[in-house]
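Shown next, in structure tokens, is the structure this report addresses.
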Amino acid sequence: VIMGKTNMDEFAMGSSTENSAFFVTHNPWNLNHAPGGSSGGSAAAVAAGECAAALGSDTGGSIRQPASYCGVVGLKPTYGMVSRYGLVAFASSLDQIGPITKDVEDSAILMNVIAGHDPQDSTSIAGKKEDYTKYLKEDVSGMKIGIPEEYFNLEFDEEVKASVLAAVEKLKEAGAEVETVHMTDASYALAAYYVIAPAEASSNLARYDGVRYGLRSEQAADVSEMFTNTRHEGFGDEVKRRIMIGTYALSSGYYDAYYLKAQKVRTLIKDDFDRIFNDFDLILTPTAPSTAIELESKSDPLEMYHTDIFTVPVNIAGVPAMLSLIHI
């Protein structure tokens, strides 16, 4: 039974749900803290018991980061595994829909429903449908897990680091083989993401011009002024900021310096993941650099972007990732 819609950051651009076009969502565990974003409403609803499961969209961590803040399970599937048909595109080469649930079993059950080829989505992967619940019976004994050293050289809270290392010890006790690996280009992921994603957004959101559908400004003397006023009135500050960044990166004078270079970094990051997955079953990293932040505590956009530092690499590479609560 579909209960309804949940709140999120406008056009999925945000990490706290404070950029919503409607209202701010609060973390159900502490109402003074953010639920994360952009799919913060979904994570908060599941954590509060308002629904059994919810969907989110993940462009740079927007399922996993709010799941981390709210203490639930969030899965970003492999790019193309779940249809994006009906999703308002933010960054088409990065966006992916996935489940937010209370546990891994519910996540597998929901994936059985939503995964599969959709001819209405040109990026949808054709292939045989799987029963993801069958993997729940497997244990971690003998599984090879890589811990990227470079991730632990990044700036994040000691409390988070201690939690991740405690999970590593539990996995070792359960029979997993854990080794340090190297992802030498991981430190460039955040910068590359905040060039590629805004560049795609500036193109995707060009359709919201007041002509074909959506909001149209009534305060305009001519068509040109109508375009300008519609976009000024209709978009929030963060959306405007990212459109400006993306337009700048795609401009003729800066395309090679920013966008092309970011795409080259994307290839290097993807190669890092491919190399490691040749020898390892999974990679274990933190999801967020801190526990749930307080509402209105990060007024600097660059400081807010830093909360995506651990999540964006998998979106850039197109591989799956899950925020899971480890209880062994």
How large is the convex hull of the C-alpha atoms of the range 197-269 per residue, in Å³? 99
Which values, in whole Å and largest first, are the semi-axes of the equivalent ellipsoid of the range 36-190 obtained as the square root of 5 times each eigenvalue of the Cα gyration tensor? 27, 19, 18
Distance between the range 250-328 and the range 147-223 - C-alpha centres, whole angstrom: 4
Note down the relative contact order for the chain as a percent, whole number, built from C-alpha pairs under 8 angstrom at least six residues apart. 22
Under unit Cβ charges (Lys, Arg +1; Asp, Glu -1), what dipole magnitude, rounded to 20 debye, does the range 186-328 have relative to its Cα centre? 360
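Over the range 1-111, what number does the Rg to Rh ratio reach, with both radii from the alpha-carbon atoms and Rh per Kirkwood?
On the way: Rg = 12.5 Å, Rh = 13.4 Å.
The Rg/Rh ratio comes out at 0.93.
Expressed as cubic angstrom per residue, what is the convex hull volume of the alpha carbon set of the range 275-326? Write down the numbers at each step before the final one.
Details: hull volume 5.2 nm³, N = 52.
Normalising the Cα hull of the range 275-326 by residue number yields 100 Å³.
According to the Kirkwood expression over distinct Cα-Cα pairs, how big is the hydrodynamic radius of the chain, in Å? Before the final figure, lay out the partial values.
Details: mean 1/r = 0.0487 Å⁻¹.
Here the Kirkwood hydrodynamic radius works out to 20.5 Å.
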Which residue fluctuates the most in the chain, going by a Gaussian network model with Cα springs under 10 Å, if the choices are A43, A292, A220? A220
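Please compute the alpha carbon radius of gyration of the range 185-328, then divide it by the globular-protein estimate 2.2 N^0.38 Å. Two decimals is fine.
Numbers: Rg = 19.0 Å, N = 144, 2.2 N^0.38 = 14.5 Å.
Dividing the Cα radius of gyration by 2.2 N^0.38 Å gives 1.30.
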From the phi of every residue in the range 25-31, what ³J(HN,Hα) in whole Hz does the Karplus formula 6.51 cos²θ - 1.76 cosθ + 1.60 yield, where θ is phi - 60° and glycine or proline is x? 8, 9, 6, x, 7, 7, 5
Where a Cα-Cα gap under 18 Å defines reach, which aspartates and glutamates qualify for K102, not counting those fewer than 8 residues away within the same chain? E50, D58
Explain nothing, just compute: Karplus ³J(HN,Hα) = 6.51 cos²θ - 1.76 cosθ + 1.60, θ = phi - 60°, for every residue of the range 168-181 in order, whole Hz, x for Gly and Pro. 4, 5, 5, 5, 5, 4, 7, x, 6, 9, 10, 9, 6, 10
GNM, the chain, Cα, under 10 Å: largest mean-square fluctuation among D222, D237, D281? D222
Most mobile of T101, T247, T180 in a GNM of the chain (Cα contacts under 10 Å): T180
For the chain, give the share of DSSP beta bridges that are antiparallel, in percent and rounded to the nearest 5; count only bridges with both residues there. 65
Amide H partners (placed H, <5 Å) of T123, local residues excluded: none
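Computed from the coordinates by the stated procedures, all read-outs in this text should not be read as laboratory data. Remember, it's a predicted structure, so these values are computed and weren't measured experimentally. Here Cβ is always computed from backbone atoms with ideal geometry, including for glycine, and neighbour counts include all displayed protein chains.
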